[in-house]
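All remarks here apply to the structure that follows.
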Amino acid sequence: MKPAKRFKSARSVSHLGKQTKKKSNNAQRQTIKKVMTWARKRCHDSIVGRIYLVILMLTHPVVLSYHLVDRRFDFGITWVTPRQFERQVAWLAEDGYRTLSLSACLQSEFQLPPKAVVLTFDDGFRALMKHVLPVLERYGFVATVFPVAGYVGEQNRWDYNLFWRRMWHLDWNELRELLAAGWEVGSHSMRHAYLPSLSRAELLHDLRQSKERLEQNLQIPIHHLSLPFGRGNLRVLECALDAGYASVATLGQEFDLADSSLSGISADRRLRLFSRRGIYLHDTLRSFRRRVQAPMNSQSERLRQQAISVFSYGTVLLKALRQSQHCEKSLEI
């Protein structure tokens, strides 16, 4: 006669499930470490050199990119209203997300909390103090701001606007206030130039000068660079590393690192690349949730961001046209 089957209690089944999940997570973490150790060794021994592109599908946090948060209408899509922003932050908090700085991501590469998100703000507009800082403080969130170092406390004369609407950038005291609130400050270049169009000498001068200006005025090290217009190339990455940056933030851009121009570079340092997802005026709360919850290797999100980033080339071309017109006028004089 076969013995009667013993049924486990709900408590023991729940405990067994937790143990299994814990073992699975530990095994997953160990697998990632082994893969990354192998990848690092391969990178150091190959032509990739010290350019170090990390793609952590399971532990890489979602990095969101904002520009302007303001009530006043602006032609373009690279802004959101204060109401939009507050609803987005409220949803993040309600769904259990917590914010991290970029430096925290670098320091805890394999031990990131399960719902980690990084909020970044390019350009460093003064409207952040009114429409962003109070909201983030209410929910205990922090962010990273990337000011244009050459325009701190000045208007955005670097931008091309059809109707000549000018906005003020944060000044040094306001940047210090953000630092005191737990924010992190990075560089958005010196003059918001389209970096791929610059020579290597011009690139190094711009990136070093912006880093030094921020460090001298804020008395903090500057580790992170956000590329103007979200675009760069391998020369920009090399110069960013030579200028002393630890990471570069893009907008949906990928790089083919198997390039002969990177051969022979020593492996004493690495550069971390953060591919961000932009949040824009047309984003509803539903699409915002989709942005946040999509996996890191989401092809649709990557294509969406690349399609939107194409419009930034219009600004690049208009700025180049205006600059050439100024040059022609100066030659006539």
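The values are calculated or read from the model by the stated rules, or taken from the named source; none is laboratory data. Because the structure is a prediction, the values reported are computed rather than measured. Neighbour counts run over all protein chains shown; Cβ positions are idealised from the backbone, glycine included.
Taking segment 157-209 as the range and being closer than 21 Å to L119 by Cβ, of a type in the set (G, A, S) and either surrounded by fewer than 17 Cβ atoms within 10 Å (Cβ to Cβ) or at pLDDT below 95 (or both) as the test, the residues that pass are A180, A181, G182. Please work out if R176 is assigned to a helix (DSSP H, G or I), in contact (Cβ under 8 Å) with a residue 60 or more places away in the chain and more than 25 Å from R289 (Cβ to Cβ). No, not satisfied. Of all residues in segment 284-302, those being of a type in the set (V, I, T) and not in a helix (DSSP H, G or I) number 1. Against the numbered list (1) within 14 Å of Y245 (Cα to Cα); (2) in a loop (DSSP other than H, G, I, E, B), L225 comes up short only at (2). For segment 127-156, taking the residues that are outside any helix (DSSP H, G or I) and surrounded by fewer than 17 Cβ atoms within 10 Å (Cβ to Cβ), the one that is modelled with the lowest pLDDT is identified as Q155.
If only residues of segment 183-222 that are of a type in the set (S, T, N, Q) and in a helix (DSSP H, G or I) are counted, the one that is nearest to Y151 (Cα to Cα) is S210. The combined condition, being under 22 Å from R231 (Cβ atoms) and either at pLDDT 95 or above or crowded, with 16+ Cβ neighbours inside 10 Å (or both), is not fulfilled by I55.
Could you tell me whether V89 is crowded, with 19+ Cβ neighbours inside 10 Å, in contact (Cβ under 8 Å) with a residue 12 or more places away in the chain and out of contact with any Asp or Glu (no Cβ under 7 Å at 6 or more places or on another chain)?
yes
Number of residues in segment 270-282 that are modelled with pLDDT of 85 or more, buried (at least 16 other Cβ atoms within 10 Å of the Cβ) and assigned to a loop (DSSP other than H, G, I, E, B) equals 2. Which residues, counting only those in segment 235-269, are modelled with pLDDT under 90, surrounded by fewer than 19 Cβ atoms within 10 Å (Cβ to Cβ) and not acidic (D, E)? Hits for segment 235-269 are F255, L257, A258, S260, S261, L262, S263, G264, I265, S266, A267, R269.
Annotation note: Cβ proximity below 7 Å between a residue of segment 283-297 that is at negative phi and modelled with pLDDT under 90 and a residue that is crowded, with 17+ Cβ neighbours inside 10 Å and not in a loop (DSSP other than H, G, I, E, B) (sequence gap 6+ or interchain) occurs for A294/E301.
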